[in-house]
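Comments concern the structure below.
The values are calculated or read from the model by the stated rules, or taken from the named source; none is laboratory data. Just so we're clear, the structure is a prediction, and the values are computed from it rather than from any experiment. Because the Cβ atoms are built from the backbone with ideal geometry, glycine has one as well, and the counts that use them run over all protein chains shown.
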Amino acid sequence: MDILRSIAHQPTMCEHSVNKPSEIKRKKSEEQIQATQELSRIITDPTKGKCYCRGKVLGKGGFAKCYEFTDLASGKVYAAKIIPHTRVSKPHQREKIDREIELHRILHHKHIVHFYHHFEDKDNIYILLEYCSRRSLAHILKARKVLTEPEVRYYLRQIVSGLRYLHEQEILHRDLKLGNFFINESMDLKVGDFGLAAKLEPVENRRRTICGTPNYLSPEVLNKQGHGCESDIWALGCVMYTMLLGRPPFETTNLKETYRCIREARYTLPSSLTAQAKQLISRMLAKSPADRPHLEDILRHDFFTQVCFMSGRGMLSVSVIEPELSHILTMHTILNTYPHKHHLLSNHIFGRDQSILADDLPKENLGSSFQWVTKWVDYSNKYGFGYQLSDHTVGVLFNNGTHMSLLADKRTVHYYAELGHCSVFSTCEAPEPFIGQVTILKYFAHYMEENLMDGGDLPNVIDPRAPRLYLLQWLKSDRALMMLFNDGTFQVNFYHDHTKILLCRQSDEYLLTYINEERISTTLRLSTLLMAGCSADLRSRMEYALNMLLQRCN
């Protein structure tokens, strides 16, 4: 009786002993659904037999969704555009997809999203494209609100390069907008999404259909006069305006009014823009297509050729900030002046015997006070790039473009979310939206404290009046890591021997610091190097650092 009473009070025991038919059926159904879902994540190319794992959604379009696709054999990651057959069941819909494939597959250019392969099965059409891990300019602008003029120059050069290639192939994009400019891991821009692209036709044969994104349509397209190269230039003007001001030039509360503004080419140019930026936007948004500049003219415009290069003071960026031109010119002059000989600086100056430096070079009282990166860790596959400065401040440039610093007191946090805006709070009183990032920041700080050693012997001499240093951009090559900061400080760490080059500005002088294999540092004025020459050791590293910097500026 006690046993029966015990069982009666433990219904789960009975349930485990004897499953009801309905329960068995439900469990089988759930298992089948789960198995189907798992199976649907594995996509097989019937033409080549390759298998891919479908990952997260990257974006959505009119007919398709874009997914992260991983080749199970090689591990290579693609962006896969998946179009269900049900969405292109009508002949004209299928023709549109076929036209996109035929146009895109022949394109090969540094600033065009690469087309790898396409195939289909009974359910879908799959287009495998280049994977751009930093998503699109639309995502960057959403996080940043507005971009600076140096950043806009950086992106526009690449857009113009890709667009010029398209026009040379007699292809019109017809849907240029921020969401169709993709950014890869190295911050290279790629023009993508050729769903509306078409071959360039003579004026009399041009399609009269209105297609594209409403805010970027040109007057002639709205008036059904056809789409030409000039219409892509108009869209480029809208893109430039949007990057600088955070909104499209013709955006209104209703579409009818937007179209009226476009037809009249009616928009405002705020006084906050430079004269060069206003002039270039005005030319690209000229009402008459004939009055708009060619792509070559855009790059020759004063906006690109007559600019004050900025050191980036007070700016936050997920792109490259153009360094002051004198950094490049002085380094370039040193390298060209002494291409094969080393005048006063022998090959040993930057070796172990630092006393040679005092004998061979003029005495310099530098009194230098600057910060540099002593530790770093790349966790950009998940969170971002972390580093520690010589004053023990820890910073993280997150993948979404925001930056957070934990000061040496381990309590104060500086958060940079947009241009010229710094929020300060304590770790224990972080606003709720920032709690997750503060946790990650503290993790980076703990990891570097416990696992990494300092990278040199430079003294920690800090000018309290100097602005806080934070990272704008970093770039890794197969040989070195480059870091660029808001005050123009430029640091390159070489992997194989742990040597480092640091370039910074002190008053009106540029200082170059070299940290050798023994972690011993030497700091010189660039003007001294210009007169005295430099060692082969230093010269090769300066040359590589310069090439990395020029690569990002170009």
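Collect the residues in the stretch 376-412 that are part of a loop (DSSP other than H, G, I, E, B), small (Gly, Ala, Ser) and without any contact (Cβ under 8 Å) to a residue 60 or more places away in the chain, keeping them in residue-number order.
Within the stretch 376-412, ALA408 is the sole residue that qualifies.
Against the condition under 20 Å from the mean Cα position of the chain (by Cα), surrounded by 23 or more Cβ atoms within 10 Å (Cβ to Cβ) and hydroxyl-bearing (Ser, Thr, Tyr), how does TYR383 come out, does it pass?
No: the conditions fail for TYR383.
Please state which one of ARG539, ARG505 is basic (Lys, Arg), out of contact with any Lys or Arg (no Cβ under 9 Å at 6 or more places or on another chain) and not in a helix (DSSP H, G or I).
When all the criteria are applied, what remains is ARG505.
When you look at VAL438, is it surrounded by 14 or more Cβ atoms within 10 Å (Cβ to Cβ) and part of a helix (DSSP H, G or I), yes or no?
Here the answer is yes, as VAL438 does meet what is asked.
What number of residues within the stretch 138-176 satisfy the criterion of being of a type in the set (Lys, Arg), within 14 Å of VAL239 (Cβ to Cβ) and not in a helix (DSSP H, G or I)?
Number satisfying all stated conditions: 1.
Which residue, of ILE106, ILE125, is of a type outside the set (D, E, K, R), assigned to a loop (DSSP other than H, G, I, E, B), out of contact with any Phe, Trp or Tyr (no Cβ under 7 Å at 6 or more places or on another chain) and not assigned by TED's automatic domain parsing to the domain that holds TYR165?
ILE106
Those residues that are modelled with pLDDT of 95 or more, closer than 12 Å to GLY192 by Cα and of a type outside the set (A, V, I, L, M, F, W, C), I need them from the stretch 111-143; list them, please.
HIS111, HIS114, GLU130, TYR131
If the Cβ limit is 7 Å and pairs must be 6+ apart or interchain, which residue in the stretch 154-183 that is surrounded by fewer than 22 Cβ atoms within 10 Å (Cβ to Cβ) pairs with which residue that is among the basic types (Lys, Arg) and not in a strand (DSSP E or B)?
Cβ pairs passing all conditions: ILE183/ARG134; ILE183/ARG135.
Which count do you get for residues in the stretch 60-110 that are under 29 Å from GLU170 (Cα atoms), at pLDDT 95 or above and aromatic (Phe, Trp, Tyr)?
Going through the stretch 60-110 one residue at a time, the tally reaches 1.
For the stretch 482-510, enumerate the residues that are of a type in the set (A, V, I, L, M, F, W, C) and surrounded by fewer than 20 Cβ atoms within 10 Å (Cβ to Cβ).
PHE494 - this is the single residue of the stretch 482-510 that is of a type in the set (A, V, I, L, M, F, W, C) and surrounded by fewer than 20 Cβ atoms within 10 Å (Cβ to Cβ).
Here's the yes/no breakdown for (1) under 22 Å from the mean Cα position of the chain (by Cα); (2) outside the structural domain of ARG144 (by TED's automatic domain parsing); (3) at pLDDT below 90:
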position	(1), (2), (3)
SER355	no, yes, yes
LEU361	no, yes, yes
VAL377	yes, yes, no
VAL396	yes, yes, no
ASN400	yes, yes, yes
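Given the conditions (1) modelled with pLDDT under 75; (2) in a strand (DSSP E or B), and given that ILE462 satisfies all but one, which numbered condition is not satisfied?
For ILE462, the failing item is (2).
Consider the stretch 117-152. How many of its residues are under 14 Å from the mean Cα position of the chain (by Cα) and basic (Lys, Arg)?
4
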